[in-house]
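Below you'll find the structure, written out as structure tokens, and then a few comments.
The values are calculated or read from the model by the stated rules, or taken from the named source; none is laboratory data. This one's a predicted model, so the numbers in the text were calculated from it and none came from an experiment. Cβ: placed from backbone, ideal geometry, glycine included. Neighbour counts: every protein chain shown.
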Amino acid sequence: MSFKYDALVLFLALFALYSPVAALSSYLPIVRPYTHAEQLRLSLGLVVNVVVFVLLAIWVGEPLLELLGISTAALTATGGIALILAAVPLMTGKVPVPTASSAASSESGKPAKSVLFTPITFPLTVGGTTFAFGVAASADVGSVTGRLLLSVAALAYAIVTGLTLYAAGHVERRISSAAAGILDRIAGILLTAIAVVLLTNGFTELALSAIDRFQ
């Protein structure tokens, strides 16, 4: 029963951190240039990426970070940098809103797989905090059976992210170009704010860790 509880707690923690409603609005300007079929492939690809990412955290997260000499704080800060590079052009309106007639040329110039890992998977969907949750949950259960149940929770979470991205494609197809431009600005502001939070949290944790080492 305890292992099932730990798995449920991990799923709920990841779900709350992800916040599907907020994530959906963040995905909108990214999926807009792509066809329905490409959006479906992006959704399936996101499920695979997320489940692999969280499974790595659960099964080999702690030794992997030690081997690479990377902290979850560094991952968080890196995610903030990657996100702010994508978010600022949206916020300032420097990213043109594609029309239906220009979609095909946009897709051929920038294939869907080019945005799957960055920024869709990292840092919009998963990041340093997500990885830290997986590592912490794995340490709590401390057994193969417990990690298997955590893996089921990871799969459930990955499916939620894929469904959210797929829903973003449906929402995008039902709004006008003018509304899309406004949503791009709003999404840009939201994404920039998220990036600033990631940067602040990441650098703060790195600074505190450095202070602890010198004490």
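Some points to look at:
- Residues in segment 1-47 that are farther than 24 Å from Leu148 by Cβ and not in a helix (DSSP H, G or I): Ser19, Arg32, Pro33, Tyr34, Thr35.
- Whenever a residue of segment 140-153 is closer than 11 Å to Tyr5 by Cα, its partners that are among the hydroxyl-bearing types (Ser, Thr, Tyr) and surrounded by fewer than 19 Cβ atoms within 10 Å (Cβ to Cβ), lying with C-beta atoms within less than 9 angstrom and at least six residues away or across chains, give the pairs Val141/Ser2; Gly146/Ser2.
- Scanning segment 105-122 for residues that are exposed (fewer than 11 other Cβ atoms within 10 Å of the Cβ) and either closer than 14 Å to Thr78 by Cα or at pLDDT 85 or above (or both) returns a single hit, Ser114.
- Only a single item in (1) of a type outside the set (Phe, Trp, Tyr); (2) in contact with a helix residue (DSSP H, G or I) (Cβ under 6 Å, 6 or more places away or on another chain); (3) in a helix (DSSP H, G or I); (4) modelled with pLDDT under 85 is not met by Ile186, and it is number (2).
- Within segment 122-169, tally of residues that are aromatic (Phe, Trp, Tyr) and either in contact with a Ser or Thr (Cβ under 8 Å, 6 or more places away or on another chain) or outside any helix (DSSP H, G or I) (or both): 2
- Qualifying residues in segment 137-182 (those that are basic (Lys, Arg) and closer than 23 Å to Pro33 by Cα) - the one farthest from the chain's Cα centre (by Cα): Arg174
- As a summary of the residue check, Gly61 satisfies the conditions (1) more than 23 Å from Leu208 (Cα to Cα); (2) at pLDDT 80 or above; (3) in contact with a Gly (Cβ under 9 Å, 6 or more places away or on another chain) except for the one numbered (1).
- Verdict on Val54 being surrounded by 15 or more Cβ atoms within 10 Å (Cβ to Cβ), farther than 24 Å from Phe203 by Cβ and modelled with pLDDT of 80 or more: yes
- Among (1) touching a helix residue (DSSP H, G or I) at 6+ places or on another chain (Cβ under 8 Å); (2) farther than 27 Å from Ile81 by Cα; (3) surrounded by fewer than 21 Cβ atoms within 10 Å (Cβ to Cβ), the one test that Ala153 misses: (3)
- For segment 25-51, a tally of residues being buried (at least 18 other Cβ atoms within 10 Å of the Cβ) and within 26 Å of Thr92 (Cβ to Cβ) returns 11.
- Condition met for Ser209 (among the hydroxyl-bearing types (Ser, Thr, Tyr) and at pLDDT below 85): yes
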